[in-house]
1. Scan the range 88-104 for residues that are open to solvent by less than 50 Å² (accessible area, probe 1.4 Å) and in a strand (DSSP E or B) and jot them down.
2. Would you be able to say whether some residue in the range 364-381 is open to solvent by 60 Å² or more (accessible area, probe 1.4 Å) and not acidic (Asp, Glu)?
3. Report, by residue number, each residue of the range 119-153 that is outside any loop (DSSP other than H, G, I, E, B) and surrounded by fewer than 17 Cβ atoms within 10 Å (Cβ to Cβ).
4. What pairs come up if the first residue lies in the range 9-30 and is hydroxyl-bearing (Ser, Thr, Tyr), the second is in a loop (DSSP other than H, G, I, E, B) and open to solvent by 60 Å² or more (accessible area, probe 1.4 Å), and their beta carbons are under 8 Å apart, counting only those six or more places apart or on different chains?
5. Only one of (1) more than 21 Å from Asn127 (Cα to Cα); (2) part of a helix (DSSP H, G or I); (3) more than 20 Å from the chain's Cα centre (by Cα) fails for Trp432. Which number is that?
6. Could you give every pair whose Cβ atoms fall below 6 Å, whose first residue belongs to the range 419-434 and is within 17 Å of Trp338 (Cβ to Cβ), and whose second residue is at pLDDT 95 or above and aromatic (Phe, Trp, Tyr), counting only separations of at least 6 or pairs across chains?
7. If I go through the range 260-269 residue by residue, how many of them are under 24 Å from His369 (Cα atoms) and free of Cβ contacts under 8 Å to residues at least 60 places away in the same chain?
8. Return yes when Val244 is open to solvent by less than 40 Å² (accessible area, probe 1.4 Å), out of contact with any helix residue (DSSP H, G or I) (no Cβ under 7 Å at 6 or more places or on another chain), in a strand (DSSP E or B) and under 21 Å from Glu70 (Cβ atoms) and no when it is not.
Amino acid sequence: LNGEWAFDFDPDDAGRTGEWFKPGTHEWSKTIVVPYPWESKLSGVHEPDYRGVGWYHRKIAAPADWKAPENRVFLIFGAIDWSATVWIDGQEVGQHANGYIPFEIDVTDLLADGKEHDLIVRAEDNNDPRTPTGKQINWYTHTSGIWQTVYMEARGASHIDRFKTFPNVENGSARIELAVSAQEDSRLEVRAVSPNGAFDTATAPVRGNRASLVVKPKEVTLWTPDTPHLYDLTLQVVDGGNVVDEVATYFAIRSLETGKWQDQPFESVLLNGKPVYVQAALHQSFHPDGIYTYPSDKIIQEDLQLTRDSGLNSLRVHIKVEEPRFYYWADKLGVLIWYDLPNFWRWSEAATERFENTLRGSIHRDFNHPSIFLWVLFNETWGLRGRDGYGHEQQKWVRSMYELTKRLDPTRLCEDMSPCNYDHVITDINSWHFYINNYDAARNHIQNAVDSTYPGSPWNYVEGLTQKG
């Protein structure tokens, strides 16, 4: 549903009482190009200083070939910054509050007649410092409204809700865990099929809306930046021999951990059991024309290809949850991604709750991308300082977020903090920031870090804690 929508700002927030959500009650004065934020040039609106409410309108209809009686029709929003309310034909059908993670609405019963219907979205973004905003505050242009793809899809009564892929380097296989929506009386199985015959078809029954199967390629090529090998994969839900749902995707076989290599006295980042020299740049990922949204898929590809052509194998995407297509090209071109979560700017209970929702949603959406090797939770204690600074309360919560991340994703590394104040709490990678523009001073500073870094060292940790590995 990308493209031109009718649009208006609502600086007095009069739209609700004026019932703009009812068809024919509001005369639309602007056009906006979705999915570009209203601050951007590519939106056609280009209002970089407006904060508050914006309203969107367009017509939608379910395609005729979606009319099978058992089908359900879903409306999906990739991301709306920050909060959204959705109406169809004046009836409220959903609300969401998070600027980074997708949400969906079952609109089957409203679109069943094959006619066009009025879709209206109210978005509100005041850049509240208690919401994860990253460098939208204090640094670069804000992002508001719809900034990722909007689309509809039809699903059968039985369909794949989600899946996670767990690669096994030791035996050259991948375990796929699926959650399947199923009718109570159905007897379903799932299949993993290789479109090009790279592995034999694997089949497993669906029990309790869950299924698990293992695929083992006939020839194993491990995923690395130099060999970013992806195996095409088709997942099917089968009911009585009939395929009732099908998802085209891919997987890679690779492992990530930290540990010692051969006789080296120190630990390394180990990719597939071997040290990888992570050569990275910090990627702000703001585009002059699209702001948070890339102008095209081609430009995403070019940015990541430029990374490889420059001799780098990694990017730290800075305090932003990217579009899924970004991680797709990182998977395909072999760019290791430091997944740097957006920070809030004011410590509060609401801020921590919103951050945790963003963390959970990000891991849930992007778990299957082999390029992501590290979750970075916080940057330089931004937003974490309460009345007493970065104290015990904040440090305890940071530890809990690290532990939550490791529970949600035991397959990757996690860094609690990418610090400049020497204040790690618990982390898989002991990094630090420095800003020195004198060569000799920088060299001496780095040498001091090397000399101070060893198991048991208190350097770069909060008082009372030490480096473990």
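1. Restricting attention to the range 88-104, the residues satisfying the condition of being open to solvent by less than 50 Å² (accessible area, probe 1.4 Å) are 88, 90, 93-94, 96, 98-101, 103.
Listed by number, the residues that qualify are Ile88, Val93, Gly94, His96, Phe103.
2. Start the filter on the range 364-381 by keeping residues that are open to solvent by 60 Å² or more (accessible area, probe 1.4 Å), which leaves 364.
Those left that are additionally not acidic (Asp, Glu): 364.
Checked against the condition, which is being open to solvent by 60 Å² or more (accessible area, probe 1.4 Å) and not acidic (Asp, Glu), the range 364-381 yields at least one hit.
3. The first filter runs over the range 119-153 and keeps only residues outside any loop (DSSP other than H, G, I, E, B), leaving 119-125, 134-136, 145-146, 150-153.
Residues satisfying the conditions are Tyr151, Glu153.
4. Thr25/Glu19
5. (2)
6. Filtered contacts from the range 419-434: His424/Tyr461.
7. The initial filter retains those residues of the range 260-269 that are under 24 Å from His369 (Cα atoms), namely 268-269.
Filter once more, keeping what is free of Cβ contacts under 8 Å to residues at least 60 places away in the same chain: 268.
Qualifying residue count, the range 260-269: 1.
8. Working: open to solvent by less than 40 Å² (accessible area, probe 1.4 Å): no; out of contact with any helix residue (DSSP H, G or I) (no Cβ under 7 Å at 6 or more places or on another chain): yes; in a strand (DSSP E or B): yes; under 21 Å from Glu70 (Cβ atoms): yes.
No: the conditions fail for Val244.
The values are calculated or read from the model by the stated rules, or taken from the named source; none is laboratory data. The structure displayed is predicted, hence computed values, not measured ones. Methodologically, a virtual Cβ is constructed for each residue, glycine included, from the backbone with ideal geometry; neighbour enumeration extends over all protein chains shown. Areas reflect the complete protein model, heavy atoms only, side chains present, ligands, DNA and RNA absent. Shrake-Rupley method; radii C 1.70, N 1.55, O 1.52, S 1.80 Å.
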